[in-house]
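We did not get these values from a lab; they are worked out from the coordinates using the rules stated. Treat the numbers as computed from the prediction; the structure is a model and nothing was measured. Here the Cβ positions follow ideal geometry from the backbone for every residue, glycine too, while neighbour counts run over all protein chains shown.
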Amino acid sequence: MPISSGLFVDAAAVFHEPPRIRCSPAGRYAPAIFAPLGRDTFLREAESMKIAVTSEGEGLESKVDPRFGRAARFVLFDTDTRELRSIDNRRSLNAAQGAGIQAAETVLSLGAECLLTGHCGPKAFRALTAAGIRVYTGAAGTVGEAIAAFQQGKLKPVDSADVEGHWT
């Protein structure tokens, strides 16, 4: 039963092993997080995840890089711990070909469950979705603004690439 956005009541958790909750359509699971609410009721946080954002720089104030495969960097934001990491994407940026697929491998290795970017080509999109990573295109402004737009539901997941391959 929803209490508020992202929170659910789970009274059965009082006597049983903590349930595992689904964090992404790919089937990744994470342990539920409980906070006492009352005698036999606990709140469970429903959605904690790692968000990858294509970036031209290293922090929240950096501009979103509109390219996925040849983005300069990825900023990884953990919604649970609020930790921020910046990852160099030079390997893909300088690749003669296959930049999108290499960048998708990087995002997957970071444990990201969704990607916020300006645009995503067909090969990269297929690689990301095959790995269970949700893709959100149309991200703009700063990395911090893109994350805020995602958290406010202003960005929607896409079901196909929005540019042709080798787009620059």
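Before moving on, here are some points about what is shown:
- Qualifying residue in region 135-145 (condition: out of contact with any Gly (no Cβ under 6 Å at 6 or more places or on another chain), more than 14 Å from I51 (Cα to Cα), part of a helix (DSSP H, G or I) and in contact (Cβ under 8 Å) with a residue 12 or more places away in the chain): no
- D65 being under 16 Å from V143 (Cβ atoms) and of a type in the set (D, E): yes
- Top-ranked residue in region 74-89 [being of a type in the set (V, I, T) and either in contact with a Leu (Cβ under 6 Å, 6 or more places away or on another chain) or under 17 Å from A148 (Cα atoms) (or both); ranked as surrounded by the fewest Cβ atoms within 10 Å (Cβ to Cβ)]: T81
- Among residues that are crowded, with 16+ Cβ neighbours inside 10 Å, touching a residue at least 24 places away in the same chain (Cβ under 8 Å) and over 16 Å from the mean Cα position of the chain (by Cα), S62 is included.
- The one condition in (1) farther than 17 Å from K50 by Cβ; (2) surrounded by fewer than 19 Cβ atoms within 10 Å (Cβ to Cβ) that S92 fails to fulfil: (2)
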